[in-house]
1. Among all residue pairs at least 6 apart or on different chains, which show Cβ distances below 9 Å where the first residue, located in the stretch 55-67, is on the phi > 0 side of the Ramachandran plot and in contact (Cβ under 8 Å) with a residue 12 or more places away in the chain and the second is in a loop (DSSP other than H, G, I, E, B) and exposed (fewer than 13 other Cβ atoms within 10 Å of the Cβ)?
2. Quick one: is ASP9 in contact with a Ser or Thr (Cβ under 7 Å, 6 or more places away or on another chain) and surrounded by fewer than 17 Cβ atoms within 10 Å (Cβ to Cβ)?
3. Scan the stretch 12-38 for residues that are surrounded by fewer than 16 Cβ atoms within 10 Å (Cβ to Cβ) and either closer than 19 Å to MET1 by Cα or of a type in the set (S, T, N, Q) (or both) and jot them down.
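Bear in mind these aren't lab numbers, they're just calculated from the coordinates by the rules spelled out. What you see is a predicted model; the values in this text were computed from it and never measured. Cβ coordinates were reconstructed from backbone atoms using ideal geometry, including for glycine residues, and neighbour counts include every protein chain displayed.
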Amino acid sequence: MTKNRENLDSDLERLQGYAQALARKYPEPQLFWQEFSGLAEEVLRDAAHDDHEWALRRIRHMVAEVGMGGPPPATS
């Protein structure tokens, strides 16, 4: 279900709280990303097409704020 900007903003605020908690619980980036990526993907999946880039920028910013940078490279 596509969400309007107000509902998406609420989801992103909740995701930011999760990011902060997960960064404390999993200080290793690999473990953090295992937990966080599914939550972030769910929020992005519900974003309207026009809001996708906006939401992605917010997610990147929150991840940078907790010191986890980008997702780790995939391993084969």
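1. Close Cβ pairs satisfying both conditions: GLY67/PRO27.
2. So ASP9 fails the test.
3. Listed by number, the residues that qualify are GLU13, ARG14, GLN20, GLN30, GLN34, SER37, GLY38.
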